[in-house]
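Read the structure below first, then the notes.
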Amino acid sequence: MTSVRRMVFGKTPAEYVGSCGRCLDAILDEKTEDKKAERAFAKLERNLKEMAVMLYGDGERVVDPAKIVKLSRELKGSDTVERLVMDIGKLDFEIPKTLARILSFWLHDRRTCNDAISYFSTRFKLIDHLLDNFEHPEVTLPCAEVIKEALAHPQLLKIPLEDEKNTLVLKVLGYIGLKDVAYALEAFRMLDVIINCKLAKDQNLSDDMRKEHLKLVSKWLESNYDAFWKAVHSFLEPPGSHLLMEQMLKHVYQILKTDWNYYIMMKYINDPKNLTRVMRLLRVQNKKIQVMAFNVFKIFVANPQKSDKIIEILKPNQGQIMQFFKVLAADDELDGKFEDDLEVLYEQLKKLEQTKTPTISVAEESMPRQESMEAPKDFDSTRKTKPPIATEANVKAKLQHSKTVTVGGNNTTKDTSANLKSPPSSTPGLQQSKTVTLKDGGEEESKAKS
């Protein structure tokens, strides 16, 4: 009777989970004969694929919500997931792929994510193990898929961010330096989930959970400010990979414009070394990098209460910066997308004319809490005193809602406050339009004419 039921309805969730465990026993047993091990591999693969169909459907079979909940409970109540993850490098390629689909669903779906969070929070070594295996090409993508889903949850992200070893973010940044570009870009996607709580697909996170995620990251960034930015800046030193530079500049901009990173932004944009670095990137002979560098550069310029060291760099370069802005405004490919930003920045640069060039002491200047921008209304007041409201509200508004513009093909991104068109990718680069000279610390460098 049981065999007839299986033929008609398939195995139950409990039977699939139990069968996977037995197959794994045979595969990992050194005494198992080769043919028997092959049969165990094949059966494990079939079981996992059937479990994936139970969760996702296959076009023919309708998903049964009751079975999804039952499978979730079976996974939570057994050690099958733990064993599969810890031995993921020993399994055939198709098995890790299917396993990743199952675990991603488990972590993502509203009906099952609480079970998954509970499971991984008591076995966080599984996430560490997946992260360690990221550099193994045969399982890089399956590992990354599970890591991204897991670390989008603040309950799980909190564990590595508060761990004494403090390796998560810096390890992911290290993976961005891998020679294979595909793996480097996957590491960028993991970083985007960790730092910005962004997944390629919609995540079932409430506003409160997303806020908690960003607060955790902000606290970690403040505590690890120097180590984090040292790792980030290592990808922004020409000559280097233009693709990695462009992607890293996107991350820098996203970090600086996130409300919960207010104090990090203020410290960053008042450091003259950071301004000099961004100005050098404006001169890189690549339009995409120039545009992303401009997105970061405008935050330095739009701050109405600049530190003396920042003014000391901007004022001698005022004419050249204005000329560079004119090049942006006239560029056909950008189609006037920077008009609002440029209007604010022109006003700020003109105010430098009334500013006396400061004399900077040799001693390192502290980073004051300036009146340039206000922190988010619900900022954690127990950490630091809230900064005063900006004296120039229009600058605050322009910065918060300014458009993030990238150039070329399908790489155009945008803020939710701006609806941008994707510009054509065949237009010549910015640097080919005019010759622009920018100074930083007395050094001059010119862009090549077309």
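The values are calculated or read from the model by the stated rules, or taken from the named source; none is laboratory data. Note that the coordinates shown come from a computational prediction; the quantities given were computed from them, not determined experimentally. Backbone-built Cβ (ideal geometry, glycine too); neighbour counts: all protein chains shown. For the accessible areas, the whole protein counts, side chains as well, though only heavy atoms, and no ligand, DNA or RNA atoms are used. Shrake-Rupley method; radii C 1.70, N 1.55, O 1.52, S 1.80 Å.
Could you check the spin-label model distance between residue 125 and residue 66? Points 7 Å from the Cα along Cα→Cβ, value in nm.
3.8
In whole percent, and with a 1.4 Å probe on the protein chains, what portion of the accessible area of region 130-178 is carbon and sulfur?
51
To the nearest 20 debye, what is the magnitude of the charge dipole of region 23-94 about its Cα centre, counting +1 on the Cβ of each Lys and Arg and -1 on the Cβ of each Asp and Glu?
280
Share of region 189-257's accessible area from carbon and sulfur, percent, 1.4 Å?
Accessible surface attributable to carbon and sulfur in region 189-257 totals 49 percent.
7 Å from Cα along Cα→Cβ at both residue 111 and residue 32: what's the point-to-point distance in nm?
With each label placed 7 Å out from Cα toward Cβ, I get 3.1 nm.
To the nearest Å, what is the center-to-center distance of region 232-308 and region 43-118, using C-alpha atoms only?
First find each Cα centre; the distance between them is then 41 Å.
What is the percent carbon and sulfur in the accessible area of region 1-117, measuring with a 1.4 Å probe over the protein chains and ignoring ligands?
52
Greater than 28 Å separation of Cα atoms is the criterion. Which listed pairs, 211/326; 90/179; 267/288, meet it?
211/326
Test of the criteria: in region 172-231, which trypsin sites (Lys or Arg not before Pro) are in a DSSP loop and have at most 11 other Cβ atoms within 10 angstrom of their Cβ?
Here the trypsin sites (Lys or Arg not before Pro) that fit, given the DSSP loop and packing criteria, are 179, 201.
Looking at region 120-213, what % of the alpha carbon pairs are farther apart than 16 Å?
52
Viscosity 0.890 mPa s, temperature 25 °C: give me the Stokes-Einstein translational D for region 1-122 in µm²/s, with Rh taken as the Kirkwood radius over C-alpha pairs.
164
Using mean Cβ contacts within 10 Å as the protection proxy, how do 257-268, 39-50, 237-248 order, highest first?
Answer by packing, highest mean first, reads 257-268, 39-50, 237-248.
Once you have all Cα-Cα distances for region 245-323, histogram them in 10 Å bins from zero and send the whole-percent values.
19, 54, 26, 1
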